[in-house]
Each structure stands twice: as structure tokens, then as C-alpha cells.
């Protein structure tokens, strides 16, 4: 890794000026108070939509009334969906023929149209005039709205389907004119994209519109693809599919307050579910453009290792605990990958100081109840140098505490894992600009002073010598004892 001194044009004197000015403004005590208040601000929650009810801000209590504002003026009845415009028009489209006319409709429809002649004329006009005209104009002007239609169709992809066909079939859109289970509509030929750079910008924007908090692109490195591809998800060969040229990497944070209350109250399920839906939708969008796409997500299944793809796509760096750390939210992120042959331009990886920080930090290793995170140096793993997590020890602890399955303490205690507020950004930027490592040491000392937690043994369940401890108290809505009798 490039040394910070070589990489950044910031000398010791300039840094001391920066840190001195910052220290004058942000004293340790003041920083703690300001950080607490900033962290409680709902706008600092970075995730799928805003959290903590910040969107629903209006004070409804002040305008409550005893009765609804609609009026009852006669005898009420239940709605008849078959007589509504959608149900009625569906039956009309199947029965209407110009040669048989009104008499070709079933008696129920005839009676309705007799009572509502204006509805008959509107439905007839829709079938005989509007639909054919729209089809003709769509052949001329429809290309202008292809992205809008792809985005709309993608929103219908919410449940990962079970993949049973080989990638050469399952990953590609069906032949134009047929239905695709992943697209929600018929598919035209591949769109003629103007330039890969524009396509990259578009695909990342669509990922954010579909619900992701982060998006990056990289080339597919075969080293990250599992060897046992023939075991599931439709593979008939262990070879990496040739159309897996690029990978779009997305990610969503876990809910913040439960995440800090790990290991008992946190869950990966919230972000797992959300990012899986986004992955399905983004794959459907790409297929609607006529290109191959396969989502690799927590709920749908993986054919690859996700963290190195996130690193290659420039989203973050891998920390001592093995989790990818992002500049915005630290390691509080759950990612997914979409492999595709859509022509795009890969992003570059980033280096914002994580490797240097993790050398001396070791908080995650100190807190880890299972001892799965190493205190020592990196080791060689499949030809790559990295910190090696003891996965067996890690998974054993998942069953050694109560509450939700798993742990996630290493994510909660990581100094980079902070809500996206001014304090977090200031500390991060000063750390990046520091060529001496002094700021990292100061931040680490502050972290241990302000955010101390239980001893590692306390995280175990009582029968194993612990006390069901959590790193932070759970949010009010997860305290079951306040709502449920024992």
C-alpha cells in the first residue's frame, strides 16, 4: 500500500496547524456532547429512506377530530370490483368484437352498460381507438421512454426467485416478445447504450433510486468466484460464466440503534432483506435494457465472495475484522453484487487510511468474545495478504448469546462505524490528512474513553458465565419487558 507521506501533500507543520485549530474548537468534552446530539439527529441516519420517523414530521395530534371528514349522505354498500374500471374493462377486452358488438357481451356487462352508457363508450374507445394508436406511436417514439419503463418494471422485482437454469439462460432476458419472470414485462433487443461512462453514471443512479445507499462498479475478478458453482443456482459447469464481465456493488446500513445494541438486539436481517430487494430490482432493470444480470444477495444466494468486490468497486477497505469499512458509515453496511455484461466503466479502489489505522487499533479484537479476530499481523490466504478471521470461533459465539442469532460486535465497536454527521466527517478527514498517525492515536484514545463497553465475557449467556450484555442499551421499541409479560 502506498505510504501516506508519499500519497498526500500534507507535511507535519500543516497538519499540526489543522489539528491545533480543530482542537481549539472541538475540545474533548465538547466533542462528546456535540457528537451525542449529532448522533441523535434523525438526519444523520444514512440508510434506505430516513429513519426514526423523520419523514412523518407533521404534528397530527393538534388537528385530530372525532369523525372523518368524508360525509355519509345515503345508504352505504360495499364496492364491486368487477364493476370498477379495471375489472370491467378486463372482461370487456376479452369479450368485445366489432362483428358481434354489444350483443356479444355477457348479460351482466350488457346490463351495466345499459345503466351507464357513458362507460360503454369510454371502454369501446379504449379498445378500438386508444390502444391501437398508442401501439403505433410507441414504435416511433417509444425509445425515448425505455429507461423509464425499465425502472418501472424493476420495481416489481421484490422476491428473489429460485434459480434453476444455467447462467447462460437464467441471467439473460427472454427473447423479445416473451415474458421474463424477473423483468415484469416483455423485453426488446439490447439497448444501444451511447457510452460506457454514461451507462455507469446511469446504473449507479438507478441503484440509489431503487433503494441502495451506496453503489460502485468493478471488473469481475475470477478469484472472488466460488469453485463449487455446480452445487446450486442452476450451474452445470464450475467455469466462471463469460458474460460475468462487470459487477455492480450496492449496500445498505443496518438499523443504527439496534446495531449498537449487539449482540442480543441487533440483526443483519433488516439490511439483508432491503439490499436483496434492491439487487433483484437492479438486475431486473438491466435485463429490461436487454443485457444479462444476476443478483448475488443475502436472501437470494451467492456465487461469489462479496467483500472483495466492494473493495474493487471503490466502496471501502477491508478491516482487521474482515468486514469492509466505508468512509461514510464504517462497517455498518450489508452489500450485494449484480454481475452483468452491460458495458460500463469500473470505479477505482480507494485508500483512506484503514490499513494503517487497523494496525494499531485492535478494538474489535479486544472486544470479540470468541477471540476470532487476530491481534497479530496479516497472513497469506489463497495468495493474498489479509487478516484471517477464525470463522469457526466466530460462529460458535453466535449460539453462545441470547437474542438474535449472530454477534456483529466488531461492527458496533469499530471507530469508523458512526452515523453520517459532522463530527464523524471531521474525525475521518483529519485522520486521512494526518501523515504522522497522531490523530489516529488521539481518536482511538477518545473512542475508548467515551464509548467503553462491557467486558468480553459479559456478552455470553448466563449459563456460560455472562450476563446477556449488549454493547449499548437497546432502543425503546426493542425492550420486550416493557410490552410483554414474562
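The values are calculated or read from the model by the stated rules, or taken from the named source; none is laboratory data. All of these numbers come straight from a predicted model, not from anything done at the bench. A quick note on method: Cβ atoms are made from the backbone with ideal geometry, for glycine too, and the neighbour counts reach across all protein chains shown.
Among residues of region 299-331 being in a loop (DSSP other than H, G, I, E, B) and touching a strand residue (DSSP E or B) at 6+ places or on another chain (Cβ under 7 Å), the one that is farthest from residue 152 (Cα to Cα) is 319. With respect to the conditions (1) modelled with pLDDT of 95 or more; (2) within 27 Å of residue 198 (Cβ to Cβ); (3) surrounded by 24 or more Cβ atoms within 10 Å (Cβ to Cβ), residue 345 falls short on a single one, namely (3). Residues in region 158-177: is at least one under 21 Å from residue 191 (Cα atoms), surrounded by 13 or more Cβ atoms within 10 Å (Cβ to Cβ) and either modelled with pLDDT under 80 or more than 42 Å from the chain's Cα centre (by Cα) (or both)? Yes, there is a match, as at least one residue in region 158-177 is under 21 Å from residue 191 (Cα atoms), surrounded by 13 or more Cβ atoms within 10 Å (Cβ to Cβ) and either modelled with pLDDT under 80 or more than 42 Å from the chain's Cα centre (by Cα) (or both). Of all residues in region 281-297, none are more than 23 Å from residue 345 (Cα to Cα), out of contact with any strand residue (DSSP E or B) (no Cβ under 8 Å at 6 or more places or on another chain) and touching a residue at least 12 places away in the same chain (Cβ under 8 Å).
Okay, residues lined up against (1) assigned to a helix (DSSP H, G or I); (2) buried (at least 19 other Cβ atoms within 10 Å of the Cβ):
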site: 410; (1), (2): yes, yes
site: 426; (1), (2): yes, no
site: 431; (1), (2): yes, yes
site: 448; (1), (2): yes, no
site: 452; (1), (2): no, no
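Just to verify a result, which residue in region 471-482, among those that are assigned to a loop (DSSP other than H, G, I, E, B) and under 25 Å from the mean Cα position of the chain (by Cα), is surrounded by the fewest Cβ atoms within 10 Å (Cβ to Cβ)? Taking the candidates together, the pick is 475.
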